[in-house]
């Protein structure tokens with residue numbers, strides 16, 4: 001059935017991991033005018049799995065009209081922010097970098 005396939009995709013694969021409790025929120029900033037295919041694929045595929053595995057984690061996606069460098073901000077509970085550019089990266093690399101930076 002279709003629902004089984006959808007749930008199977010959300011529950012498995014890269015990004016279907018429970019993040020550390022020290023992570024307070026994620027913010028993805030991606031310009032409307034940039035091509036950034038890796039960042040857009042990360043948004044469509046991996047971010048959905050992360051949200052499914054971490055339902056209480058606030059995830060914000062910003063699409064400013066002006067050109068900007070795609071970036072991902074990780075807000076931790078101690079008020080620290082880890083921000084990194086995802087320009088030119090593949091979606092799997094973005095997800096792996098996020099998982100590495102949020103390890104317990």
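The antiparallel fraction among DSSP beta bridges confined to the chain stands at about 75%.
Only Cα pairs under 8 Å and at least 6 apart count here; give the relative contact order of the stretch 2-101 as a rounded whole percent.
36 percent
Using C-alpha pairs under 8 Å with a sequence gap of at least 6, the mean separation divided by the residue count of the stretch 41-89 gives a relative contact order of 24 percent.
Need one number: the % of Cα-Cα pairs in the chain sitting beyond the 22 Å mark.
29 percent
Projected label points at residue 22 and residue 3, each 7 Å from Cα along the beta carbon direction, are separated by 3.9 nanometres.
Coordinate-derived values only; no laboratory data. Remember, predicted model here, so these are calculated numbers, not experimental data. Positions of Cβ are backbone-derived with ideal geometry, glycine not excepted, and every protein chain shown enters the neighbour counts.
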